[in-house]
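**Q** Attaching a single structure in structure tokens format; questions to follow.
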């Protein structure tokens, strides 16, 4: 025996983009099932749309209150297993992509998880968070589609979401 202390295994960590939409709730349920029994989930709410400044109609404090209220609602109405995880919440004034990437780097996340919804051509031209994440993220991006099943499924026996390492072939 060398006397060196062994390090406990590192807990898995996922960063979740959360905006209280149905797709974000599905992504949260997927992330919880993936991280049980002892993972770390970082919930991130960005207070502004992609490529636009924060709204001048509310203060930063008001936007933070709304973000934390969304997290509270998820904790009250969402999967009770959320309480079993190490849970961190962050409300950011940055655009969603920057907020998620910065949180992933700060927490040493294994991946970023977002919900996935179909978008109109106009919305795609203006920018879609998942597309921008794929282009910029230093960690894998997991986009949880509408059809994914999460209730009662373990990580190894449920349909998987789309996974990407952020690399694009060209």
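The values are calculated or read from the model by the stated rules, or taken from the named source; none is laboratory data. The model shown is predicted, which means the values in this text are computed figures rather than measured ones. As a convention, Cβ positions derive from the backbone with ideal geometry for all residues, glycine included, and neighbour counts pool all protein chains shown.
**Q** Among the residues of segment 135-149, write down those that are more than 13 Å from residue 96 (Cβ to Cβ), more than 11 Å from the chain's Cα centre (by Cα) and modelled with pLDDT of 90 or more.
**A** Those that are more than 13 Å from residue 96 (Cβ to Cβ), more than 11 Å from the chain's Cα centre (by Cα) and modelled with pLDDT of 90 or more: 135, 138, 139, 140.
**Q** So residue 81 ticks every box in (1) surrounded by 15 or more Cβ atoms within 10 Å (Cβ to Cβ); (2) within 18 Å of the chain's Cα centre (by Cα); (3) not in a strand (DSSP E or B) but one. Which box is left unticked?
**A** So residue 81 meets the others, but not (1).
**Q** With the structure loaded, tell me whether residue 23 is buried (at least 21 other Cβ atoms within 10 Å of the Cβ), modelled with pLDDT under 95 and closer than 19 Å to residue 128 by Cα or whether it fails that test.
**A** no
**Q** Determine whether residue 100 is in contact with a strand residue (DSSP E or B) (Cβ under 8 Å, 6 or more places away or on another chain), under 30 Å from residue 62 (Cβ atoms), at pLDDT 90 or above and in a helix (DSSP H, G or I).
**A** yes
**Q** Going by the structure shown, is residue 91 surrounded by 11 or more Cβ atoms within 10 Å (Cβ to Cβ), part of a loop (DSSP other than H, G, I, E, B) and modelled with pLDDT of 95 or more?
**A** no
**Q** I'm checking my understanding of the structure. Among residues of segment 26-54 that are at pLDDT 95 or above and in a strand (DSSP E or B), which one is surrounded by the fewest Cβ atoms within 10 Å (Cβ to Cβ)?
**A** Checked segment 26-54; the qualifying residue surrounded by the fewest Cβ atoms within 10 Å (Cβ to Cβ) is 40.
**Q** Restricting to segment 7-20, and then to whatever is surrounded by 13 or more Cβ atoms within 10 Å (Cβ to Cβ) and more than 10 Å from the chain's Cα centre (by Cα), can you tell me which residue is modelled with the highest pLDDT?
**A** Checking each candidate, the answer is 13.
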